[in-house]
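Structure first, then comments.
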Amino acid sequence: MNKSQVRTRFAPSPTGYLHIGSLRTALYSYLFAKQHNGKFILRLEDTDQKRFVEGATDAIYSGLKWAGVNHDEGPDIGGPFVPYIQSQRLDLYKKYAQELIDKDKAYYCFCDAKTLEEMRNEQVARKQAPKYDRRCLKLSKEEIAQKLAAEEPYVIRMKIPENRTIEINDLVRGKVAYRSEELDDQVLLKSDGYPTYHLAVVVDDHLMQITHVTRTEEWLPSTPKHILLYEYFGWEAPLFAHLPLLLNADKTKMSKRKGDVAVGDYIKKGYLPEAMVNYLAFLGWNPGLSSEASAKGEREKETYSMEELLKDFSLERVHKAGAVFNIEKLNWYNNYYLKQKSAQDLSAFVWQGEEKPKAPEPQITKATAIECERSNNAEEIREKVNLLFNPPAFDKSLLNWKAMEEKDIKESLESSQKIIAGIPEKDFNSENLKNILMEEAAKRGDKGSLLWPLRVSLSGLKNSPPPFDIAEIIGKEKSLARIAQAIKLL
Ligand code: GLU
């Protein structure tokens, strides 16, 4: 194999949405290839037709594109090793399965589902690990010929050698060894003529000249079988890097039941691709600190653009232990990147394709920027901005600061009303409002007794931006109207 050009691949099965963990796998593969001036290939592994889901392929393309994890070859753009969809390569797998039969490295198995089930039950009852007992390996040439002539359904199984240790030099996990006794005579070709994952992945990784196989740890137990297949075919095996699994906080494998796992959900909610990429890069990797930097008391850099990741990412620094998916951290990154945007760009991002509240454009832009401060994503910002322009009805008890009496609340609101009414339109901005209202609040000792009822009357909410910001956004007239409305409650 020509290893001078690094070639990595992302090989998802189109069985549903694009899982966030899959996007991380793709990202790591992409970063590694690009750092080595190599190629990153997309291949669709759709040989399990029962699990195929309509629309899954589009979710893969759009998710990768959104994240900027761009492939150099793939089903949609072609390349030197077309087709890049396994269901279009069935003849190839049949040919290679036959080659293994001819080499006596694989055999026909005619056992039907019922026989296999019984075998399994007996083994379990005997407390043995379920495994194919190789009864079809004992068939004579004539018996096989007869069964084939009678068109009995069959699968092709690989022959696992006896008494062998198979070693993997994993780029993340180091040396990992398996004993051949632990391995089952894996089915390579199914009775419907489709290959299993194991045959297809080896044939394709070889033919597509993949140099580095990057995938999650759940595939590690399959790797010794793959290494044997490379050996049987007389092919050089690629290098392997098994990435840590993504886990829920309770350390179980990350699944739909415990929250959003589909990349599409995050796109819909208004996460930024740069936040997702930065977050996913750190889910199982960190750049570390040079000893000089650490001596100087510097902290590890946490915000990384794709360009910076291309410079600093390294497979060697990928962790072995599973990585816990932490939504707060993703939210932190998203909030950070949202705040980096200009008010104009932020507003364009937050409201693209969405219905805006009925308010002048500059007010919407301002409100969007202000609500961004304490929001995790565009969806949340939109909800909050909508509430700013259409505040909810609220109970008068919400106006209560500590143990204020109603008459004190009324007095407080009336004095805010007076102050606000006295500010000329041209000076009606957050800064000015803050200066003037804070002066009054300070006079009262407990600032909350002025600011809380005012803020609630403007927002109708327990939590909201400061009253000065809301007042500036909605303007003098609406501010006064809302305060008057609140006074009416008392
Ligand atoms: N088709 C497999 C998957 O869905 C690919 C595993 C591999 O990368 O070898 O994850």
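Rule-based calculations on the coordinates, nothing more; no lab input. Computed from a predicted structure; not experimentally measured. Methodologically, a virtual Cβ is constructed for each residue, glycine included, from the backbone with ideal geometry; neighbour enumeration extends over all protein chains shown.
Highest average first, the peptides 103-115, 287-299 ordered by how many other beta carbon atoms sit within 10 Å of their residues are 103-115, 287-299. Sorting the segments 475-483, 333-341 by their residues' average number of neighbouring beta-carbon atoms within 10 angstrom, most packed first, yields 333-341, 475-483. Of the two radii for the range 332-429, the radius of gyration is 1.07 times the Kirkwood radius, both from the alpha carbons; that is the Rg over Rh value. The mean sequence separation of alpha-carbon pairs under 8 Å and at least six residues apart, normalised by the residue count of the chain, gives a relative contact order of 12 percent. If every alpha-carbon in the chain counts as one equal scatterer, what log10 I(q)/I(0) does Debye give at q = 0.13 1/Å? The Cα Debye sum returns log10 ratios of -1.20.
Taking GluC sites (Glu not before Pro) across the range 111-155, the ones in a DSSP loop with at most 16 further Cβ atoms lying within 10 angstrom of their Cβ are GLU151. Quick one: check the C-alpha center-to-center distance for the range 328-346 versus the range 21-59, whole angstrom. Cα centroid of the range 328-346 versus Cα centroid of the range 21-59: 27 Å apart. Dividing the convex hull volume of the alpha carbon atoms of the range 161-278 by its residue count gives 178 Å³ per residue.
Straight-line cross-link partners of LYS39 among the lysines, defined as a Cα under 23 Å from its Cα and at least 8 positions apart when in the same chain: LYS3, LYS65, LYS311. Going by a ≥ b ≥ c, the root eigenvalues of the Cα gyration tensor, does the range 170-233 fall in the rounded group (a/c under 1.5), the prolate group (a/b larger than b/c) or the oblate group? Here the range 170-233 falls in the oblate category. LYS320: which lysines have alpha carbons under 18 Å from its alpha carbon, excluding same-chain residues fewer than 8 sequence positions away? Reachable lysines: LYS175, LYS251, LYS253. Of the beta bridges in the chain, as assigned by DSSP with both residues counted there, near 55 percent are antiparallel. Taken along the Cα-to-beta-carbon direction at a fixed 7 Å, the label points for ILE419 and SER290 span 5.3 nm.
In this structure, LYS175 and LYS402 have a Cβ-Cβ separation that, at R0 = 60 Å, corresponds to a calculated FRET efficiency of about 0.40.
For the chain, adding -39500 (n - 2.57) for each run of n ≥ 4 DSSP H residues and dividing by the number of residues yields -14000 deg cm²/dmol at 222 nm. Here the label points at VAL82 and GLU162, each 7 Å from Cα along the C-beta direction, are separated by 4.9 nm in the simple model.
Subtracting the Cα-Cα distance of SER305 and SER62 from their residue separation scaled by 0.36 nm leaves 85.5 nm. In the range 232-271 the Cα-Cα distances spread across 5 Å bins starting at 0 as 6, 16, 15, 14, 13, 9, 8, 9, 7, 2 percent of all pairs. With both labels modelled 7 Å from their Cα along Cα-to-Cβ, the ASN435 to GLU477 distance reads 2.6 nm. Using the Cβ-Cβ distance between ARG135 and ILE101 with R0 set to 22 Å, the FRET efficiency from 1/(1 + (r/R0)^6) comes to roughly 0.80. For the range 370-484, the spherically averaged projection of the C-alpha convex hull amounts to 7.0 nm². Taking Cα centre as origin and charging only the Cβ of basic (Lys, Arg, +1) and acidic (Asp, Glu, -1) residues, the dipole magnitude of the chain rounds to 700 debye. Rounded to two decimals, the Cα-based Rg/Rh of the range 44-192, with Kirkwood Rh, is 1.04. Close amide H partners of ARG7, meaning residues 5 or more places away or on another chain with modelled amide H under 5 Å apart, are LYS39, THR211, HIS212. Cross-link pairs exceeding 29 Å in C-alpha to C-alpha distance, out of LYS396/LYS478; LYS301/LYS341; LYS94/LYS258, comprise LYS94/LYS258.
Anisotropy class assigned to the range 226-332 is oblate, per the alpha carbon gyration tensor with a/c at or over the 1.5 cut-off and a/b no larger than b/c. Within the range 342-386, the GluC sites (Glu not before Pro) that combine a DSSP coil assignment with at most 15 other C-beta atoms in a 10 angstrom radius are GLU354, GLU355, GLU373. Extent of the range 5-70 along its three principal axes (Cα atoms, max minus min coordinate, largest first): 37, 23, 16 Å.
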